[in-house]
Each structure stands twice: as structure tokens, then as C-alpha cells.
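The values are calculated or read from the model by the stated rules, or taken from the named source; none is laboratory data. If you're wondering where the values come from, they're calculated on a predicted model, not measured in any experiment. Cβ coordinates were reconstructed from backbone atoms using ideal geometry, including for glycine residues, and neighbour counts include every protein chain displayed. Remember, those area values only see protein heavy atoms, side chains included, never the ligands or the DNA or RNA. Shrake-Rupley method; radii C 1.70, N 1.55, O 1.52, S 1.80 Å.
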Amino acid sequence: MTPEGTPFLPRGVRLHFDAVRDNWVLLAPERAIRLDPIGHAILSRVDGKTTLAAIAADLSATFEAPLEDVTRDSTEFLQELANRRFLEVT
């Protein structure tokens, strides 16, 4: 996964607020991942149009965090989701 890559949720995968558990989850057929606030902050910016670099820059500005750290952490998180087929990158 590179900063120029554009992550997107493939067909059948969606971000969903589970009102019963009062938490955000990433749903896929037969699978679900409970998200912490950081995971939700990253995935809420994944729209299939915005590059990883732009997502990291937005997160860095929003949370006043070092861009290098945000880029590294976001890349690792999204790469793990891609490895588990919850996410794809163009």
C-alpha cells in the first residue's frame, strides 16, 4: 500500500453503527470487526476517491498529530484490513 493508493470498501463491506453495542463496526459477509475510535476515524475517510496520503493529512490536521506517525499507523491499519479482504486499494 502506497500513499498514492486509493483505498475503498469492496462490494458487501460497509461501515455500520451498531446501536445495540453502541459502537462502530466494519461488516462484511459472515464477518464483522469492532472498531475503536481511531479505526473509525480512519475508515470514515475511506470513500474510494481519496488517496491514503490525503486521508493521513486530514487525520494529522484534525488530531494535531505528526504526519509521519499518522501515515505509518494508517497504512498499517488499512494494510491489515486489505490482507483480510475488508478493503481494496486502486
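Values computed for the structure shown
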item	result
Prolate/oblate/rounded label for the chain (Cα gyration tensor, a/c 1.5)	oblate
Amide H contacts of Asp18 (H built 1.01 Å from N, under 5 Å, at least 5 apart or other chain)	Asn23, Trp24, Val25
Protection-proxy order for peptides 37-46, 22-31, each taking the mean of Cβ atoms within 10 Å per residue, highest first	37-46, 22-31
Karplus 3J(HN,Hα) series, Hz, for region 66-83 with 6.51 cos²θ - 1.76 cosθ + 1.60 (x for Gly, Pro)	x, 4, 4, 5, 5, 4, 4, 5, 5, 4, 4, 4, 5, 5, 5, 5, 5, 4
Percent accessible area from carbon and sulfur atoms, the chain, protein chains only, probe 1.4 Å	52 percent
For region 23-28, Karplus couplings with θ = phi - 60° (6.51, -1.76, 1.60), whole Hz, Gly/Pro x	7, 7, 9, 9, 9, 9
Viscosity 1.306 mPa s, temperature 10 °C, Stokes-Einstein D of region 2-46 from Kirkwood C-alpha radius, µm²/s	140 µm²/s
